[in-house]
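See structure below.
The values are calculated or read from the model by the stated rules, or taken from the named source; none is laboratory data. Computed from a prediction, not measured in an experiment: that's the story for all the values here. Don't worry about glycine lacking a Cβ; one is built from the backbone with ideal geometry, like all the others, and counts go over all protein chains shown.
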Amino acid sequence: MKLRVMVTIRGRVQGVGFRYQCAEEAALHNVSGWVKNLPDDSVRGCFEGEEEDVLDLVQWCRKGPRGAWVEELKVEEREYTGEFSGFSIRHGGE
C-alpha cells in the first residue's frame with residue numbers, strides 16, 4: 001500500500017544536519033518527497049512511498065541524527081499522489 005504523510009518535527013532539529021540525514025534515510029528507504037526548515041525552528045517534511053518504507057522514515061525522525069533532540073513529532077496522513085520523482089531539501093518558501 002502506498003502512503004503519504006506530512007511530518008512536523010520540533011526540538012533541537014535545525015543546525016544538526018537533520019534535513020541532510022533525512023534525505024539520506026529517504027534514499028535508503030526509497031521514499032520520495034521533501035524536507036525543509038521552518039521559521040519557528042522546526043522541520044517539516046512530506047514523505048511518499050510504500051507504507052513500510054514511509055513508516056521506517058517516520059520512525060527515524062523520532063530520533064534524528066546525532067546532535068538532534070526531538071521533542072515532538074506530529075504525523076498527518078494524506079492522500080497519496082505520486083507527484084515526486086525523488087527526495088529534495090527545500091529552502092525558504094518553496
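Check Gly11, Gly49, Gly33, Gly45 and return the single one that is small (Gly, Ala, Ser), farther than 21 Å from Arg78 by Cβ, in a strand (DSSP E or B) and at pLDDT 95 or above.
Values: Gly49 fails: farther than 21 Å from Arg78 by Cβ; Gly33 fails: farther than 21 Å from Arg78 by Cβ; Gly45 fails: farther than 21 Å from Arg78 by Cβ.
The match here is Gly11.
With Gly92, Gly64, Gly17 as the choices, which residue is buried (at least 17 other Cβ atoms within 10 Å of the Cβ) and of a type in the set (Gly, Ala, Ser)? Lay out the reasoning, then the answer.
Numbers: Gly92 fails: buried (at least 17 other Cβ atoms within 10 Å of the Cβ); Gly17 fails: buried (at least 17 other Cβ atoms within 10 Å of the Cβ).
From the options Gly92, Gly64, Gly17, the qualifying one is Gly64.
So which residues in segment 2-14 are surrounded by fewer than 20 Cβ atoms within 10 Å (Cβ to Cβ) and either free of Cβ contacts under 8 Å to residues at least 40 places away in the same chain or within 20 Å of Tyr80 (Cβ to Cβ) (or both), if there are any at all?
Restricting attention to segment 2-14, the residues satisfying the condition of being surrounded by fewer than 20 Cβ atoms within 10 Å (Cβ to Cβ) are 2-3, 6, 8, 10-12, 14.
Once the filter is applied, which keeps residues that are surrounded by fewer than 20 Cβ atoms within 10 Å (Cβ to Cβ) and either free of Cβ contacts under 8 Å to residues at least 40 places away in the same chain or within 20 Å of Tyr80 (Cβ to Cβ) (or both), segment 2-14 yields Lys2, Leu3, Met6, Thr8, Gln14.
Would you call Tyr80 under 11 Å from the mean Cα position of the chain (by Cα) and either in a strand (DSSP E or B) or surrounded by fewer than 17 Cβ atoms within 10 Å (Cβ to Cβ) (or both)?
Details: under 11 Å from the mean Cα position of the chain (by Cα): no; either in a strand (DSSP E or B) or surrounded by fewer than 17 Cβ atoms within 10 Å (Cβ to Cβ) (or both): yes.
When the stated conditions are applied, Tyr80 does not pass them.
Looking at segment 33-61, which of the residues that are touching a Gly at 6+ places or on another chain (Cβ under 6 Å) and surrounded by fewer than 23 Cβ atoms within 10 Å (Cβ to Cβ) is farthest from Thr81 (Cα to Cα)?
At the first step, the residues of segment 33-61 found to be touching a Gly at 6+ places or on another chain (Cβ under 6 Å) are 35, 46-48.
Within this subset, residues satisfying the condition of being surrounded by fewer than 23 Cβ atoms within 10 Å (Cβ to Cβ) are 46, 48.
Working: Cys46: 11, Glu48: 8 Å.
Ranking the qualifying residues of segment 33-61, first place goes to Cys46.
If I go through segment 71-94 residue by residue, how many of them are in contact with a Phe, Trp or Tyr (Cβ under 9 Å, 6 or more places away or on another chain) and under 15 Å from Val16 (Cα atoms)? Walk me through how you get there before you give the answer.
Pass one, segment 71-94, residues in contact with a Phe, Trp or Tyr (Cβ under 9 Å, 6 or more places away or on another chain): 84, 87-90, 94.
Add one more test, that the residue is under 15 Å from Val16 (Cα atoms), and what stays is 89.
Qualifying residue count, segment 71-94: 1.
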